[in-house]
Amino acid sequence: MNDLQEKKPIQYRKMIDILMGKQGCADVILEGGFLINVLTREIYQADVAIKNEYILLVGDCKEVKGEKTKVIDVRGKYISPGFIDAHMHFESSMLTCTEFSKLSLLGGTTTLFADPHEIANVSGLEGIEAMLKEATYLPNRILFTVPALVPDVPGLETPGQEIDSRFLKKLLEEDNVAGLGEMQGFSNTRSVYEHAEEVIDDLLVSSAMAQSYHKTIEGNAPGLFGKDLAAHILVCGGETSCHETTTKEECLEKVRNGVTVFMREGSTQKNMAECIRTVKEEGIDSGKLVLATDDMSARDLLESGHMNSVIAKTIAQGIDPVEAIQMATINPARHYGRKDIGVIAPGKAADICVLSDLNRMKVETVLVKGKVVAQGGKLCIDIPHYPYPDSVKHSMKCGKIKKEAFQIHTENHSEMVRGIQVIEDQNLTECIRENVEAKDGILQPDIGKDLLPFIVIERHGKSQRIGKTFVRGFGLKAGAIAQSIGHDTHNLLVVGTNYEDMEMAANRVCAMEGGIALIKEKKIVGDLPLKVAGLMSDEMTAEELAERLDMISTAAETEMGCKIHDPFMHLSFLTLVTSPTWKLTDYGLIDVEKGTVLETVERSERKWTSEW
């Protein structure tokens, strides 16, 4: 039992005294507004009274008003439960929890369910524990779903640290750990079953352990139907979620099988509109549909908001505003078994969002635990800086890199190569086979075909392996991009139009202790240092980081000809070997669905074994 649970009976007793007229009064009353009741899907006029961090009374609150009561006039405005992001990664924003929280509060997000498996892949338990500690200093509720398996695909990628069921007990005992994070280790059910049954056994142990602590297990089931979906549900303990649902048919089958579908609407992965068709066209009950962001950039947070923006987009798809709000309040709360958040009713947490425009979801005032934390688009509280410990920095351990390591040699004038096609706004990819010309025995970039060398360098000091292929979709005309962000093991990624610039870009990232570097004609076009695990900055505010990211994004477009928006996030997903179809790791080109390592030059393939 945590401190809050121990205090609850004492606080409730004082609240009963107020309600019975014996002594005391409400601390705060929101007066004259329209209550968004997510329990009954209604809107009606009602006051909301607060005592300490709890809702005291909903309705006519005159009798609990006293001389010390702070009255907030919300006439003509809407009173909603605070919003919940059901699944997200701080690391994808490149912001620390602290900087992300500052922006998400402005958008009415009072609770975040964060999955720290990105920092876990680099820094292991130390990285997770540093993030958990940071969260305790923040005003909004940050709850974590911790990884059960790192890396997600043992034998096909190299992480900085490893995690399995043996490491989970200590994490599951933490009060701010809500459960296990996305079970990517069994996303590719067939190949895992055929080649790595020990992974299934370990995940089942982890699921049972989480359930023994009454905590959830989150799923990851891209494109799974029928028996494969059922197997994934079972490895998650019989009840789970999925945030990788991309079609209406997939969403419908998952909901029918008891899966909570987290309808993702992030910066580069946008699946809500397709999933919401199940409500508009099939008329299904939306209780198992939840809104989540997964990955959001700092710029989008600054300009568009957070969950308020996602809800507004859902309303724009033709969904009733109260139903859309349910998808970011009571629905995720029920999924996680949290009876204290997501609704406005007596005894519940006083996490509240006041809206001046229902359809556009314009947030005016935000309260967390009964305290006003944001008003008029500005924070009302001071949130101190949190510096990360050195133990999760200095993570670039790949040494001096030479261009010869990037090159694919041949004795022929050309070769048929296997490569990756980027799919915009998805983490899925397509397969390509293209003829690539050679010069001086080295396969060359083909700018005209938008066919560029793509390299993954093991950067954790474990193996010095380098994976090599070609990629289409970035449209670079000059220069090279390197970054230490590559889901999920976050090795060093390099793409470019020539090997000289690629070499310099890779070494620049190492020299910065992680981050993003753009090189053109052996000159730095732009860079962004990310010293926390090579993923985040604890040296810049959100505004500073967004400005720096804007500068290098603009440089990628104007100086280098990049044609895809947010190229760095798109690049980061080209190594995600739990998402179809072909991806690249330090082991080489991976056929995700078959669990095989492919030769880039089309000659042969090697089967996946966990002993690789």
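The values are calculated or read from the model by the stated rules, or taken from the named source; none is laboratory data. As the structure is a prediction and not an experimental result, all values here were calculated from the model. A quick note on method: Cβ atoms are made from the backbone with ideal geometry, for glycine too, and the neighbour counts reach across all protein chains shown. Ligands, DNA and RNA are stripped out before the accessible areas are found, and what is left, the full protein with its side chains, is counted by its heavy atoms. Shrake-Rupley method; radii C 1.70, N 1.55, O 1.52, S 1.80 Å.
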Checklist entry - Inside region 482-516, can you point out the residues that are more than 23 Å from the chain's Cα centre (by Cα), outside any helix (DSSP H, G or I) and within 23 Å of residue 442 (Cβ to Cβ)? => result 495, 496, 497, 498
Item to check | Selection within region 442-465 - open to solvent by 20 Å² or more (accessible area, probe 1.4 Å) and farther than 20 Å from residue 590 by Cα | outcome: 442, 444, 445, 446, 447, 448, 449, 461
Next on the checklist: Tally up the residues in region 352-368 that are open to solvent by 10 Å² or more (accessible area, probe 1.4 Å) and under 25 Å from the mean Cα position of the chain (by Cα), please.
Outcome noted: 3
Checklist entry - If a residue has to be of a type in the set (Val, Ile, Thr), under 15 Å from residue 349 (Cα atoms) and under 16 Å from the mean Cα position of the chain (by Cα) to count, how many in region 96-113 make the cut? => result 2
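Would you check which residues across region 376-403 are among the charged types (D, E, K, R), in contact (Cβ under 8 Å) with a residue 24 or more places away in the chain and within 30 Å of residue 502 (Cα to Cα) and list them? Before the answer, list the steps.
First, the residues of region 376-403 that are among the charged types (D, E, K, R): 378, 382, 390, 393, 397, 400, 402-403.
Going one step further and asking which of them are in contact (Cβ under 8 Å) with a residue 24 or more places away in the chain, we end up with 378, 393, 397, 400, 402-403.
If the condition is that a residue be among the charged types (D, E, K, R), in contact (Cβ under 8 Å) with a residue 24 or more places away in the chain and within 30 Å of residue 502 (Cα to Cα), then 393, 397, 400, 402, 403 are the ones that fit.
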Next on the checklist: With assigned to a loop (DSSP other than H, G, I, E, B), free of Cβ contacts under 8 Å to residues at least 40 places away in the same chain and not hydrophobic (A, V, I, L, M, F, W, C) as the only criterion, which of 250, 282 stands out?
Outcome noted: 282
Next on the checklist: residue 128 - would you say it is within 28 Å of residue 109 (Cα to Cα), part of a strand (DSSP E or B), touching a helix residue (DSSP H, G or I) at 6+ places or on another chain (Cβ under 8 Å) and open to solvent by less than 30 Å² (accessible area, probe 1.4 Å)?
Outcome noted: no
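Being more than 17 Å from residue 394 (Cα to Cα), open to solvent by 10 Å² or more (accessible area, probe 1.4 Å) and part of a loop (DSSP other than H, G, I, E, B): is that true of residue 477 here? Before you say what the answer is, go through the steps one by one.
Values: more than 17 Å from residue 394 (Cα to Cα): yes; open to solvent by 10 Å² or more (accessible area, probe 1.4 Å): yes; part of a loop (DSSP other than H, G, I, E, B): yes.
Judged against the criteria, residue 477 is a match.
Condition check ((1) surrounded by 17 or more Cβ atoms within 10 Å (Cβ to Cβ); (2) free of Cβ contacts under 8 Å to residues at least 60 places away in the same chain; (3) among the basic types (Lys, Arg)) across all residues:
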residue	(1), (2), (3)
154	yes, no, no
172	yes, yes, no
176	no, yes, no
180	yes, yes, no
214	no, no, no
230	no, yes, no
Checklist entry - Given the structure, is residue 589 under 30 Å from residue 412 (Cβ atoms) and either open to solvent by less than 20 Å² (accessible area, probe 1.4 Å) or in a loop (DSSP other than H, G, I, E, B) (or both)? => result yes
Checklist entry - Taking residue 7, is it open to solvent by 40 Å² or more (accessible area, probe 1.4 Å), without any contact (Cβ under 8 Å) to a residue 60 or more places away in the chain and within 24 Å of residue 142 (Cβ to Cβ)? => result yes
Item to check | Segments classed as strands (runs of 3 or more DSSP E), wholly inside region 29-75, with at least 1 members that are open to solvent by 30 Å² or more (accessible area, probe 1.4 Å), in contact with a strand residue (DSSP E or B) (Cβ under 6 Å, 6 or more places away or on another chain) and of a type in the set (S, T, N, Q) | outcome: 42-45
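Checking the structure you have, find out if any residue of region 383-398 is on the phi > 0 side of the Ramachandran plot and open to solvent by 30 Å² or more (accessible area, probe 1.4 Å). Talk me through it step by step, then tell me what you get.
In the first step, residues of region 383-398 are kept if they are on the phi > 0 side of the Ramachandran plot; the result is 394.
Next cut, open to solvent by 30 Å² or more (accessible area, probe 1.4 Å) only: 394.
Yes, because at least one residue in region 383-398 is on the phi > 0 side of the Ramachandran plot and open to solvent by 30 Å² or more (accessible area, probe 1.4 Å).
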Checklist entry - How many of the residues in region 550-568 are surrounded by fewer than 24 Cβ atoms within 10 Å (Cβ to Cβ), in a helix (DSSP H, G or I) and in contact (Cβ under 8 Å) with a residue 40 or more places away in the chain? => result 2
Checklist entry - Among helices (runs of 4 or more DSSP H) lying entirely in region 159-238, which contain 2 or more residues that are in contact with a strand residue (DSSP E or B) (Cβ under 8 Å, 6 or more places away or on another chain) and over 20 Å from residue 580 (Cβ atoms)? => result 168-172, 197-212
Checklist entry - Which of the residues spanning region 399-431 are part of a strand (DSSP E or B) and either open to solvent by 20 Å² or more (accessible area, probe 1.4 Å) or not hydrophobic (A, V, I, L, M, F, W, C) (or both)? => result 409, 414, 415, 416, 418, 419, 421, 429, 430, 431
